[in-house]
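Read the figures in this text as sums done on the coordinates, not as results from a lab. Treat the numbers as computed from the prediction; the structure is a model and nothing was measured. No Cβ is skipped: glycine too gets one built from the backbone with ideal geometry, and neighbour counts run over all protein chains shown.
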Amino acid sequence: MRDRQRWTETLRARICGELALGVMTPGMRFASVRSLAAEMKTGSRNIAAALQQLADEGLIEIRERSGVYLADGPASQRELHTLDSNWWIDVLSGALARGVPIGSIGDFVSRTVSRVKIRAVVLECNEDQLYSIRRDLEHNFGLEASSVDLDRLERSPSDRVQVARADILISTPYHMEPVMEIGRRYGIPTLFVTLCSDLFESVAELLPARKVCFVVTDHRLRDKLVTMMSRVKGNENFSVRVHGHDSLQQITPDSSIYFTNITRTRLRNTFPPAQVLRERNVFSDQSARELVRFMIEFNAVENQRIHSRIRSRPESRRPDSLRRSEIRNRTLDSYPLPRGPGGENYAHGPEKSQSQRF
C-alpha cells in the first residue's frame, strides 16, 4: 500500500510540474501504463492503481482503449484535486491548534508570504538553469523573478540595474564566490540552492550499468555537467548532447535520457517517455525551506511596520524602492550578509555529493 502511494505522489508531482512549466497542457495524452512501469521499474498494477487514484482526484482522465489524458477541467479545480486530502487535514488541524481559524487561513498565508512581492534575481552561467530556476520561483513560490547571465553581468548596465533592485539573489554553490561578492557589493541577501537532488541520485545508481544522456540547450551547462560527473562511478556511460547542435539520433535506444526544462519546452514533449528521466522538484527540500523562510522573514518586517503604525501618510508616498530598501535592511538585521563558504542562513557552502553542486 505504501509503495502504491509513493507511485501516486511521484506521478502527481510529475504531472503538476509539467503543467506549471508548460511542457504539457490540459487534454494532452500522458504516458501509457506499460511505459511508466518500465521507466519507474515497478509493476503495471502499481502504476494502474496510482493512475486510477489520480483519475479519482480529477487530475487525469483514463479513456478505455485510448489511454491516459490530462484533465481538461478548470485550472482551479485541477489544482484543488492535486493536493492529497491527508495533507489538507494536517494543515487545517495544525492551523486550528495554533489559534488560526480555518476561514482565515488564506488571508493569513497571504500576509505571511506575499504582503510584499519579493523580487528575486537568478544569477547563473547558462540558459538551462536560468530558465528552470526562474520558472520555479514564479510558479511555485509566487516571486517576481528575473534572470541574469553571470558571464555578461559586468558589461551590461541594464543587468546591473536589475541586480541592484533585487530583494534576494539566487544561484547555485557552483558560483558561490562571485555571487557572494555581488551580494556584498549591493547589500542584498544571497541564497545558494541545490537542484534536482533526486535526479542525480537516480543517475548515480544507473551509471555503473546503464548509459545516461542529458540533453541541454546551452553548451556551458554541458561543460559543467561533464566536469561534475567525471568523478562519479560509471562516468564512462555518461554523455551530454546540446539541442540544436548535436544529433539526438546518436543516442542509443537503451540509454536513459534527461531533458532540461527549457529543452523539453522546445522539443514540445516529442521524445519517447519510456526512456526519460525526470526530477521530482527543481529545488531540493532544504533549499525550498530556506527560501520560504526568507519570504516569511521579509514579509514579517513589512507586517510589523504596518501593525506598529509606522506607516504615516507622508511615508506611504515614498518611492517603492525606498520602502523596499528599508525592509531589506531590516531583514538583514536578522539574516546577515554571507561571509564565506559554510556561512549562516543564505550562504550555504557546497555539499559533499556532486548533485548538490549542479
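Below, the figures for the structure above:
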| item | result |
| --- | --- |
| Least to most buried among Glu144, Glu236 (fewest other Cβ within 10 Å first) | Glu236, Glu144 |
| The stretch 147-202-the stretch 42-57 distance, computed between alpha-carbon centres (Å) | 40 Å |
| Residue order, fewest to most surrounding Cβ atoms within 10 angstrom, among Tyr174, Tyr258, Tyr69 | Tyr69, Tyr174, Tyr258 |
| Residue order, fewest to most beta carbons within 10 Å, for Met40, Met180 | Met40, Met180 |
| Amide H within-cut-off set for Thr190, under 5 Å, with H built and near neighbours excluded | Leu169 |
| Sequence-distant residues sharing a close amide H with Arg241 (under 5 Å, placed H) | Phe214, Val215, Val216 |
